[in-house]
Amino acid sequence: MTEQGKRRLRSQDWWDNPLEPDMTALYLERYLNFGLTRAELQSGRPIIGIAQTGSDLAPCNRHFLDLASRIRDGIRDAGGIPIEFPVHPIQETGKRPTANLDRNLQYLSLVEILYGYPIDGVVLTTGCDKTTPALLMGAATVDIPAIVLSGGPMLNGYHKGEYAGSGTVVWHARQLMAKGEIDYDEFMDMVCDSAPSVGHCNTMGTASSMNAMAEALGMSLPGCAAIPAPYRERGQMAYATGKRIVEMVWEDLRPSKIMTRKAFENAIFAAAAIGASTNCPPHLVAIARHMGVELDVKDWEMGYDIPLLVDMQPAGKYLGEDYYRAGGLPAVVRELMEKGRFHEDALTVTGKTYGENIRAMRIEVDRRVIRPYDDPLKPEAGFLIISGNIFDSAVMKTSVITDQFRQRYLEHPDHPGIFEGRAIVFEGPEDYHERIDDPSLEIDENCFLFIRNCGPVGYPGAPEVVNMRPPAALIKKGIKALPCIGDGRQSGTSESPSILNASPESAVGGNLAILKTNDRVRFDLHKRRLDVLIPEDELRARQEELKRNPPKIPPSQTPWQEIYRSLVGQLATGACLEPAVMHLRIVEKH
Ligand code: FES
Ligand code: MG
């Protein structure tokens, strides 16, 4: 027992182990050299790690360098000792070939730190897309008390008085440039105007979605996710989070008690209601697998019938500040709770259940931005899981289906929900960029655009490339989107209802590799299938040919890419490092 009369913490194995005075001295002396005292470290007080994701290389999370001082204040005021440390940086748009490669690297780096150093609990500073799943996966594996502090979105962006939302503005601007309505400089200005302050993407892209997922899982304090980065409430939330993690250490409130099957189901329900990113299914499956919770990509369909409540880009029109002022995730969860579509009894980092948290909050809802369950923006707005003869599973985000797309492809008077067309196949993003405007492909509104060799192994990390714009000639005719299918991912800020994350990917022998340009393809919404319409013997002949001539995978450019490719699984199972999934809960009760 410590002098506070509370239980002995794991950090004391380093700082105060009477059986090994020489090791204790060695562990202690170096942590004193910047001013900590032996009395502090041997006091038995919780050592709280601050997993710092911010740096000049990671601008979406950079303000955590300042917020850390408020986290420290909270930790000190609650009787803990803060130890801030860096984890491998991730920035979504700056990292080549894709930041998703580094999700598993940041995960590994966090696991090594939490396991190998004297840390009793940890604050996870999450923001930019992959930082949230990476840190939650790490906390799940090590299973010491952990709490999420989201960084929050940037302020709303504006260009010429109109909203300019992160990422989404790019998809608009590239259509305007393809039509010749804006030039290169205006294109740059439009896009850069979407980033007016510190913080992560201000649309409901992967960053806002995954931070909402962390909150829906119960891993952050209520109301944390949506607070814009520069708002005073963000600093106040940092302070409250620092205080709470110290109490969580004394309560031994670990991720395994919070991230249960019910918590993941809550995340799925919330994802539908907010119009969350297509990156959520693979990330949530990955977190669940590291937590040892059964979660299949098909489980995402349990949220399909939930309506879209949040009017935020890319599915709607508003941006992060509006969403926060409208009530943020607590307002959404309250709507779901009232309809019995949220597990109120799921435990959260507060030590209380979700229902207790929400009922204790005063939530003023702005109905322009967060709609009532019975008067939603769109009915049935969750994810669909599509299968067929060219892949076992793929994800379709239905909240971004526009009226034009629905009428053209899903509401044919003779066969509603069924669309048949001609396949145009691209071998990867380079091939797509080179040929999309090639008139000899004769791409018209009855074509499906396919992209392959873009899965976790093929183009390591699975880049966000499936949302392909139609040829400029079609855009000029008013066709803004064609059905897009691929084994890569797409940006959470994209408004394309693509069928993506197709698994298994072509590079590991998936049937997407046997598809040929001009094949007939059928999408059947009722059966949730996408099939290439070729006879069975032709299909088998092509498979045989594929075995003789497997797709050529370009060589890895870095050692990590090589290691990643040799260990990574498919998007349907979270694109985890498979050997890592076996190491569950490595820190047992202390
Ligand atoms: Fe970092 Fe969107 S690019 S949050
Ligand atoms: Mg992205």
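The values are calculated or read from the model by the stated rules, or taken from the named source; none is laboratory data. Since the structure is predicted, the reported quantities are computational estimates derived from the model, not experimental observations. Methodologically, a virtual Cβ is constructed for each residue, glycine included, from the backbone with ideal geometry; neighbour enumeration extends over all protein chains shown.
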Filter the stretch 524-576 down to the residues that are in a helix (DSSP H, G or I) and among the β-branched types (Val, Ile, Thr), then identify the one that is farthest from ASN511 (Cα to Cα). ILE563
Of the residues in the stretch 430-468, those that are of a type in the set (S, T, N, Q), under 27 Å from the mean Cα position of the chain (by Cα) and more than 16 Å from ligand 1 (Cβ to nearest atom) come to ASN453
In contact with a helix residue (DSSP H, G or I) (Cβ under 7 Å, 6 or more places away or on another chain), among the basic types (Lys, Arg), within 26 Å of ASN202 (Cβ to Cβ) and at pLDDT 95 or above - does that describe any residue in the stretch 150-160? no
Taking the condition hydroxyl-bearing (Ser, Thr, Tyr) and under 30 Å from MET582 (Cβ atoms), does THR98 pass? yes
Report yes if LYS130 is surrounded by 24 or more Cβ atoms within 10 Å (Cβ to Cβ) and touching a residue at least 12 places away in the same chain (Cβ under 8 Å), otherwise no. yes
Among the candidates ILE479, ILE514, ILE499, ILE485, residue that is of a type in the set (A, V, I, L, M, F, W, C), more than 26 Å from the chain's Cα centre (by Cα) and either within 16 Å of ligand 1 (Cβ to nearest atom) or within 20 Å of VAL400 (Cα to Cα) (or both): ILE479
Residue match in the stretch 93-100 (condition: crowded, with 18+ Cβ neighbours inside 10 Å, of a type outside the set (Gly, Ala, Ser) and more than 16 Å from ligand 1 (Cβ to nearest atom)): no
Residue that is modelled with the lowest pLDDT, among those in the stretch 276-295 that are within 16 Å of ligand 1 (Cβ to nearest atom) and in contact with a Leu (Cβ under 9 Å, 6 or more places away or on another chain): THR278
Given the structure, is THR125 within 30 Å of GLN561 (Cβ to Cβ), within 16 Å of ligand 1 (Cβ to nearest atom) and buried (at least 24 other Cβ atoms within 10 Å of the Cβ)? yes
Tell me yes or no: at least one residue of the stretch 70-87 is of a type outside the set (D, E, K, R), touching a strand residue (DSSP E or B) at 6+ places or on another chain (Cβ under 7 Å) and within 16 Å of ligand 1 (Cβ to nearest atom). yes
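Here is a yes/no grid of residues against (1) within 16 Å of ligand 1 (Cβ to nearest atom); (2) at pLDDT 95 or above; (3) touching a Gly at 6+ places or on another chain (Cβ under 6 Å); (4) among the small types (Gly, Ala, Ser):
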site: GLU186; (1), (2), (3), (4): no, yes, no, no
site: SER209; (1), (2), (3), (4): yes, yes, yes, yes
site: SER220; (1), (2), (3), (4): no, yes, no, yes
site: TYR231; (1), (2), (3), (4): no, yes, no, no
site: ARG234; (1), (2), (3), (4): yes, yes, yes, no
site: ALA240; (1), (2), (3), (4): no, yes, no, yes
site: ILE245; (1), (2), (3), (4): no, yes, yes, no
site: SER256; (1), (2), (3), (4): no, yes, no, yes
Checked LEU571, LEU530, LEU567 against criteria (modelled with pLDDT of 95 or more, among the hydrophobic types (A, V, I, L, M, F, W, C) and in contact with a Leu (Cβ under 8 Å, 6 or more places away or on another chain)); the one match is LEU567
Hey, ALA462 within 16 Å of ligand 2 (Cβ to nearest atom), modelled with pLDDT of 95 or more and aliphatic (A, V, I, L, M) or not: yes
Filter the helices (runs of 4 or more DSSP H) completely within the stretch 4-86 down to those with at least 3 residues that are under 30 Å from ALA134 (Cα atoms) and charged (D, E, K, R). 64-77
